[in-house]
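Single-structure report; data block below.
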Amino acid sequence: MVEPLLNIENLRIEAASYQPGEAPSRITIVDDVSLSLQKGHVLGLIGESGAGKSTIGLSAMAYGRGGVELTGGEIRLNGREIRTAPSPVLRKLRGVEVTYVAQSAAAAFNPAKRLMEQVIESTLEHGRASRREAEARAVDLFEKLGLPDPGTFGNRYPHQVSGGQLQRAMTAMALCPQPDLIIFDEPTTALDVTTQLGVLSAIKAAIRDLGVAALYITHDLAVVAQIADDIMVLRHGKTVEYGTADQIINAPRKAYTRALVSVAANEHPENLPAGEAVLSLKGITARYRNVPFDVVSDIGIDVKPGTTLAVVGESGSGKSTLARVITGLLPAARGEITFAGRRLPPGLERRTREDLRELQMIYQMADVAMNPRQTVGTIIGRPLEFYFGLKGAAQKQRVVELLDEIELGERFLDRYPAELSGGQKQRVCIARALAAKPKLIICDEVTSALDPLVAEGILKLLLDLQTSEGVAYVFITHDIATVRAVADTIAVMHKGRLVRYGMKSEVLSPPFDDYTELLLKSVPEMRIGWMEETLAALEAEAR
Amino acid sequence: MTRIPLPALIGLAVTGAYFLAALFAPLLAPYGLSEVVGDVWEPSSAEHLLGTDNIGRDLLSRLIYGGRTTIFVASAATILSFFTGSVLGLFAAVVGGWVDQLLSRFVDLIMAIPTLIFALVVLSVMPVTLPVLIVVMGLLDSTRVFRLSRAVAADLAVMDFVEAARLRGEGRGWIIFREILPNALSPLVAEMGMRFIFMVLFVSTLSFLGLGIQPPEADWGGIVKENKDGIVYGISAALLPAVAIATLAIAVNLVADWILDRTTSLKGGRNG
């Protein structure tokens with residue numbers, strides 16, 4: 001049998017850990033992982049954050065990030081052991097035999113150099129081709145990856161191209177030295193779904209045409225299902241399940257994998273009570289200072305008490321701006337906001353304390369939404385003191401009640417945000433909002449920074465709280481699966497305008513407008529072959 | 001983490017020794033501050049450990065008393081500079097708009113003039129008393145503290161947790177002192193060490209130029225000035241206060257470095 005291109009056996013990776021107040025210790029971040037990858041195949045590494053997937057990916061070029069050491073096992077690339085290889089050997093292989101595509105292309109490109117320089121840099125550096133050959137190869141790759149004007153694309157600077165184009169340029173950079181193996185580290189995670197589809201299909205086509213092998217790292221099982229031949233599911237640095245893509249998606253053996261596969265399938269039954277809306281926007285138009293166009297224009301929506309309105313759109317669609325307008329952080333230029341039967345002044349300063357109390361907000365990044373120098377008790381206790389004058393034992397008792405409601409409990413009272421996990425942080429933020437006894441909570445992408453299973457827990461908590469407290473949500477998200485799981489009504493936004501608005505069942509069923517259709521079709525489904533079907537369908541329509 | 005690294009330990013020991021000597025100067029000094037007890041520039045002896053100065057006063061005693069003055073003036077000016085600079089800096093960052101513009105441009109104006117020249121001009125038209133000296137030094141230096149605290153606070157003021165406090169309806173006092181200040185404290189405390197050293201050097205320079213501490217009071221800069229002519233004859237009396245200034249500066253620096261490392265590493269900063 002031919003030896004595989006990459007063969008990793010019993011890999012063990014350790015890192016130094018500096019816990020505040022403790023002596024430095026060593027922790028194992030990857031334990032006993034074995035995998036093998038044939039030429040021209042794609043292996044998907046999937047798992048939640050901290051699963052060790054990026055660390056394993058980088059080990060394929062015998063690289064460990066700061067403080068990380070590959071301490072055991074065997075990494076064989078092209079038939080030779082590289083884990084213990086000296087650095088001159090590794091220098092020759094990194095960037096040529098094995099290349100790397102990072103998650104954030106915007107942060108990976110040097111903004112001061114033209115794209116072409118950067119795409120061919122490592123090819124030239126390692127003497128793989130002359131400048132002319134390398135440039136010709138790059139232009140060829142630009143064309144393969146579907147970039148506009150491949151001949152002159154390389155003359156642009158990184159800020160002159162879009163995020164999706166930059167991600168493709170980075171893929172070109174990885175392909176240019178004609179490597180045997182490419183490591184893709186979450187290459188589409190930072191992109192909008194409609195952009196993701198294009199980048200994903202370009203990557204897949206390029207891999208297939210050039211016959212390189214790839215490690216594809218992602219937390220999104222639906223994405224990896226489109227591109228991988230084999231899939232390895234990782235958790236806490238250990239292999240949970242390793243098999244062909246078909247087996248993992250269609251017949252998962254382990255409970256954890258089954259949970260990952262089914263996570264996107266939750267559906268919340270819609271319900272719309274009659275009666276007065278708790279929040280009603282009419283003709284809301286707003287723009288930022290020094291920006292010559294309206295960021296949101298002519299938005300009119302209603303939210304009934306105890307229901308959820310999902311505001312959907314891709315980045316730049318104005319959905320977060322809408323949240324800022326509702327909260328008064330960005331006063332609307334025109335239009336009116338009616339909340340709980342009273343007309344709200346556009347600016348934050350002129351709103352009453354009662355207005356502020358009844359309209360709360362939860363943020364995307366829970367770790368920056370809490371003061372790192374305040375304990376959980378202070379964070380949740382402050383609104384109680386501020387709005388209701390609760391102090392001392394009465395305040396503490398209420399905080400503990402709230403902690404129980406968010407399923408954390410009293411022992412979290414004295415912890416600082418840094419001592420909480422991502423999901424726990426978001427729960428504390430929910431408790432802080434609930435402490436004010438609001439009528440409406442604006443949730444701005446509250447689950448998009450979380451792992452799928454953690455996000456599912458947060459959504460379930462929010463729905464439970466809606467039932468028990470009767471609070472309404474304005475749920476801002478770019479994720480259609482989240483919308484299905486929480487919404488009663490949906491507002492689809494595109495370029496600052498409302499393109500579709502109504503009950504969930506109406507908005508999500510045909511006939512569609514063009515944008516909503518593209519948006520819905522671009523969301524990867526958890527089945528193999530979905531991407532090809534969708535691309536074919538979209539192409540047929542265009543014709 | 002509980003172990004203090006060696007450089008910081010040295011810094012703490014030296015700084016501590018100087019501060020204790022300053023505090024208990026009357027108990028430690030063998031002679032009075034301006035008591036003439038011997039000949040001019042006597043070499044070191046059992047009676048006068050470091051010898052005598054240019055008019056026959058005990059040099060060790062003068063150094064101890066001089067340290068007391070130097071450290072007191074520098075500490076007082078640092079505290080004043082920090083209080084003014086950080087309160088105004090945080091206020092400017094949180095309020096923003098024309099208040100921020102006005103304060104920042106005023107600070108730019110002051111900073112455009114070299115501090116030493118500015119101080120010399122002011123002190124030459126005003127009576128040089130201890131309070132005047134402290135106020136002039138403190139206010140001039142507060143411009144630097146203002147810049148730092150404004151920059152730190154401006155970064156913090158756009159964080160979501162500050163926005164959350166604004167949405168709650170919190171007043172400026174809460175936002176400045178409860179949300180922003182605790183997070184700005186670690187760079188400010190480390191900066192405090194640096195400012196203190198600067199003050200020590202500043203007051204020494206002023207005294208050396210004759211516009212700082214006035215005789216018969218003494219501070220280290222003044223003692224250097226009094227004894228500088230001895231250098232020509234190979235007499236080291238002027239070097240001793242200079243060494244004192246240098247060692248204090250280095251010691252405080254080591255402590256400040258350690259504080260900065262410690263506080264930033266809690267947040268995954270410089271030391272991982």
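Just so you know, in the range A:290-319 the residues that are of a type in the set (S, T, N, Q) and crowded, with 18+ Cβ neighbours inside 10 Å include one that is farthest from the chain's Cα centre (by Cα), and it is A:Ser297. When we screen B:Leu90, B:Leu103, B:Leu133, B:Leu167 for residues that are more than 14 Å from every other protein chain (Cβ to nearest Cβ) and under 30 Å from A:Gln426 (Cα atoms), the only hit is B:Leu90.
A:Tyr501 meets the conditions (1) surrounded by fewer than 18 Cβ atoms within 10 Å (Cβ to Cβ); (2) closer than 24 Å to A:Ile284 by Cβ in every case but one. The failed one is (1).
Within the range B:119-164, restricting attention to residues that are of a type in the set (S, T, N, Q) and in a helix (DSSP H, G or I), the residue that is surrounded by the fewest Cβ atoms within 10 Å (Cβ to Cβ) is B:Ser124. Among residues of the range B:148-165 that are closer than 14 Å to B:Val95 by Cα, those with a beta-carbon under 6 Å from a residue that is of a type in the set (S, T, N, Q) at least six positions away or on a different chain give the pairs B:Ser149/B:Ser86; B:Leu156/B:Asn183. Can you tell me which residue is nearest to A:Arg208 (Cα to Cα) among those in the range A:140-170 that are among the polar types (S, T, N, Q) and either free of Cβ contacts under 8 Å to residues at least 40 places away in the same chain or part of a helix (DSSP H, G or I) (or both)? It comes out as A:Gln167. Within the range B:83-117, the set of residues being touching a residue at least 24 places away in the same chain (Cβ under 8 Å) and among the charged types (D, E, K, R) comprises B:Asp100 only. Of the candidates B:Ile223, B:Ile235, B:Ile176, the single residue that is closer than 19 Å to B:Phe72 by Cβ and surrounded by 16 or more Cβ atoms within 10 Å (Cβ to Cβ) is B:Ile223.
Cβ-Cβ contacts under 7 Å between residues 6 or more apart (or on different chains), taken from a first residue in the range A:381-396 that is without any contact (Cβ under 8 Å) to a residue 60 or more places away in the chain and within 14 Å of chain B (Cβ to nearest Cβ) to a second residue that is loosely packed, with under 15 Cβ neighbours inside 10 Å and part of a loop (DSSP other than H, G, I, E, B), are listed as A:Glu385/A:Lys391. When the range A:371-393 is limited to residues that are under 14 Å from A:Pro417 (Cα atoms) and out of contact with any Asp or Glu (no Cβ under 7 Å at 6 or more places or on another chain), the one that is surrounded by the most Cβ atoms within 10 Å (Cβ to Cβ) turns out to be A:Ile380. Looking only at the range A:434-453, decide whether some residue is among the β-branched types (Val, Ile, Thr), assigned to a helix (DSSP H, G or I) and buried (at least 17 other Cβ atoms within 10 Å of the Cβ). No, the conditions are met nowhere in the range A:434-453. Evaluate the following for A:Thr378: is it within 33 Å of the chain's Cα centre (by Cα), more than 11 Å from every other protein chain (Cβ to nearest Cβ) and polar (S, T, N, Q)? No; evaluated as a whole, the condition is false for this residue. Among the residues in the range A:333-344, are any away from chain B (no Cβ under 14 Å), touching a residue at least 40 places away in the same chain (Cβ under 8 Å), among the basic types (Lys, Arg) and farther than 28 Å from A:Leu519 by Cα? Yes; the residues of the range A:333-344 include at least one that is away from chain B (no Cβ under 14 Å), touching a residue at least 40 places away in the same chain (Cβ under 8 Å), among the basic types (Lys, Arg) and farther than 28 Å from A:Leu519 by Cα. For the subset of the range A:119-139 comprising residues that are touching a helix residue (DSSP H, G or I) at 6+ places or on another chain (Cβ under 8 Å), among the aliphatic types (A, V, I, L, M) and part of a helix (DSSP H, G or I), which member is surrounded by the most Cβ atoms within 10 Å (Cβ to Cβ)? Only one residue tops the list, namely A:Val119.
Listed residues A:Lys144, A:Lys92; which is surrounded by fewer than 19 Cβ atoms within 10 Å (Cβ to Cβ), touching an Asp or Glu at 6+ places or on another chain (Cβ under 9 Å), assigned by TED's automatic domain parsing to the domain that holds A:Gly40 and not β-branched (Val, Ile, Thr)? I'd like the intermediate steps shown before the answer.
Values: A:Lys92 fails: touching an Asp or Glu at 6+ places or on another chain (Cβ under 9 Å).
Exactly one of A:Lys144, A:Lys92 is surrounded by fewer than 19 Cβ atoms within 10 Å (Cβ to Cβ), touching an Asp or Glu at 6+ places or on another chain (Cβ under 9 Å), assigned by TED's automatic domain parsing to the domain that holds A:Gly40 and not β-branched (Val, Ile, Thr), namely A:Lys144.
Residues in the range A:54-72 that are part of a loop (DSSP other than H, G, I, E, B), in contact (Cβ under 8 Å) with a residue 40 or more places away in the chain and within 15 Å of A:Ile82 (Cα to Cα): A:Ala60, A:Met61, A:Gly64. Out of the residues in the range A:171-203 meeting the condition of being free of Cβ contacts under 8 Å to residues at least 60 places away in the same chain and among the hydrophobic types (A, V, I, L, M, F, W, C), tell me which one is farthest from A:Ala129 (Cα to Cα). So, considering only residues that are free of Cβ contacts under 8 Å to residues at least 60 places away in the same chain and among the hydrophobic types (A, V, I, L, M, F, W, C), the one farthest from A:Ala129 (Cα to Cα) is A:Leu191. Of the helices (runs of 4 or more DSSP H) lying entirely inside the range A:476-540, the ones with 1 or more residues being closer than 23 Å to A:Cys443 by Cβ and touching a Phe, Trp or Tyr at 6+ places or on another chain (Cβ under 6 Å) are found at A:480-486.
Okay, residues lined up against (1) in a helix (DSSP H, G or I); (2) buried (at least 16 other Cβ atoms within 10 Å of the Cβ):
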position: B:Asn54; (1), (2): no, yes
position: B:Ser75; (1), (2): yes, yes
position: B:Ala92; (1), (2): yes, yes
position: B:Gln101; (1), (2): yes, no
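Taking (1) buried (at least 17 other Cβ atoms within 10 Å of the Cβ); (2) away from chain A (no Cβ under 14 Å); (3) under 15 Å from the mean Cα position of the chain (by Cα); (4) not in a loop (DSSP other than H, G, I, E, B) in turn, B:Leu188 satisfies each apart from (2). No other residue among A:Arg83, A:Arg12, A:Arg26 is within 14 Å of another protein chain (Cβ to nearest Cβ) and out of contact with any Phe, Trp or Tyr (no Cβ under 8 Å at 6 or more places or on another chain) apart from A:Arg26. Checked against (1) within 22 Å of A:Ser522 (Cβ to Cβ); (2) touching a helix residue (DSSP H, G or I) at 6+ places or on another chain (Cβ under 9 Å), A:Arg208 passes all but a single condition, namely (2). Name the residues in the range A:510-524 that are within 18 Å of A:Thr477 (Cβ to Cβ) and not polar (S, T, N, Q), would you? Within the range A:510-524, A:Tyr515, A:Leu518, A:Leu519, A:Leu520, A:Lys521, A:Val523, A:Pro524 qualify. Checked against (1) free of Cβ contacts under 8 Å to residues at least 24 places away in the same chain; (2) under 23 Å from A:Ala214 (Cβ atoms), A:Arg132 passes all but condition (2). Report the residue count in the range A:38-53 for those that are farther than 20 Å from A:Ile248 by Cα and either out of contact with any strand residue (DSSP E or B) (no Cβ under 7 Å at 6 or more places or on another chain) or not in a loop (DSSP other than H, G, I, E, B) (or both). Matching residues across the range A:38-53 total 1.
Would you say A:Ala174 is buried (at least 23 other Cβ atoms within 10 Å of the Cβ), assigned to a helix (DSSP H, G or I) and at pLDDT 90 or above? Against the criterion (buried (at least 23 other Cβ atoms within 10 Å of the Cβ), assigned to a helix (DSSP H, G or I) and at pLDDT 90 or above), A:Ala174 qualifies.
The values are calculated or read from the model by the stated rules, or taken from the named source; none is laboratory data. Keep in mind that this is a model prediction, so the values were computed, not measured. Here the Cβ is made from the backbone with ideal geometry for all residues, glycine too, and neighbour counts use every protein chain on show.
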